[in-house]
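Notes to accompany the following structure.
Where a number appears in this text, it was derived from the coordinates with a stated rule and is not lab data. Nothing here was measured: the structure is a model prediction, and the numbers come from that model. Every residue, glycine among them, receives a Cβ derived from its backbone with ideal geometry; neighbour counts consider all protein chains shown.
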C-alpha cells in the first residue's frame with residue numbers, strides 16, 4: 001500500500017464536508033496567507049495540499065496563474081465547484097503527490113500550504129520539493145497546527161488527532177516545523193501571532209467521520225485530561241514564512 005493511500009481513502013469519503021467547513025473556508029490565518037502572498041507578488045502561485053481549494057480561491061486573483069495540488073481526486077472535484085462559485089478562472093487543479101509536484105524547477109513565485117502538512121507522509125521530501133519549484137527569493141507560506149514543546153502534551157495531542165483521523169501523521173512543534181523548512185534549503189521566519197481555532201468536539205469528529213469506538217475514546221481522553229491539557233488540545237496554528 002502506498003503511504004499516501006490513507007490520506008486518499010480518508011479524504012475521498014469526506015470531501016463534501018470540507019466545502020462548508022468554517023475552519024477551512026475562512027479564518028484569520030487564511031487572511032494572513034492572502035496578505036503575505038499579495039505583498040510578495042509575482043506571476044505564479046502554487047497551493048500544496050489544496051483540498052477543496054479554499055486557499056486557492058482567495059490567493060488566485062492576485063496572480064496571473066495559480067495551481068492547486070492535492071493527492072485526493074474527490075477533494076479536487078469538490079474544489080472545482082468552490083472555484084467556480086468564486087468565479088476563479090485562472091486556477092488549475094491537479095492530482096499529485098506533494099513529493100512530486102508537476103512544476104518546473106525555479107518557476108514559482110509563491111507556494112502556500114494551509115492545514116495540510118500534518119498529513120504529509122514525508123514532510124522533509126515535500127518541503128524539499130517546494131524548495132525546488134520556488135524561484136530564488138520566492139516565498140513559501142506554511143500554516144499548520146503545532147504541538148507544544150512539552151513531550152506529554154505533544155504525545156496527547158498527536159494521539160488524539162490520530163484517533164479522530166487515521167490519515168493524521170504529525171503536528172510538529174514550532175521548532176521542528178522551522179527545522180523541516182530550513183532543512184529544505186529555505187529560511188524560516190515564524191510569525192509572532194499564534195492563531196487559536198476553537199473546535200467543537202462533536203462537529204470536529206463528524207467532519208472526519210470518526211468511527212463510534214474511536215470517537216468514544218476521544219471523548220474519554222478529553223474528559224479525563226487535566227484542565228491545561230484540555231485547553232491545549234484545540235487547534236493552535238502557527239503561520240510561518242519561508243524564503244528560498
Dividing the helical contributions, -39500 (n - 2.57) per DSSP H run of n ≥ 4, by the residues of the chain yields a 222 nm value, nearest 500 deg cm²/dmol, of -13500 deg cm²/dmol
A student applying the Cα gyration tensor rule (rounded when a/c is under 1.5; otherwise prolate if a/b is larger than b/c, oblate if not) would label region 1-109 oblate
With 0.36 nm assigned to each residue of separation and the Cα-Cα distance removed, residue 155 to residue 221 gains 22.5 nm
In nm², the average projected area of the convex hull spanned by the Cα atoms of region 5-243 is 11.6 nm²
Scaled by the rule-of-thumb 2.2 N^0.38 Å, the alpha carbon Rg for region 115-212 gives a ratio of 1.18
Of all DSSP beta bridges with both partners in the chain, the antiparallel percent, nearest 5, is 40 percent
If each part is reduced to its alpha-carbon centroid, region 1-66 and region 158-201 end up apart, in Å, by 16 Å
Heads up, region 73-115 by the C-alpha gyration tensor (a ≥ b ≥ c square roots of eigenvalues; a/c under 1.5 rounded, else a/b over b/c prolate, else oblate) looks prolate
Taking 0.36 nm per residue of separation between residue 35 and residue 5 and subtracting their Cα-Cα distance, the length gained on full extension comes to 7.4 nm
Expected sort for 111, 34, 94 with the fewest Cβ neighbours (10 Å cutoff) up front is 94, 34, 111
If one compares the long axis through the Cα atoms of helix 73-85 with the longest principal axis of the Cα atoms of the chain, the angle in degrees, nearest 10, works out at 60 degrees
extent check for region 1-42: Cα max minus min per principal axis, descending, whole Å, gives 41, 24, 13
Rounded to the nearest 10, the angle in degrees between the Cα long axis of helix 151-164 and the longest principal axis of the Cα atoms of the chain comes to 80 degrees
Rounded to the nearest 10, the angle in degrees between the Cα long axis of helix 174-183 and the longest principal axis of the Cα atoms of the chain comes to 30 degrees
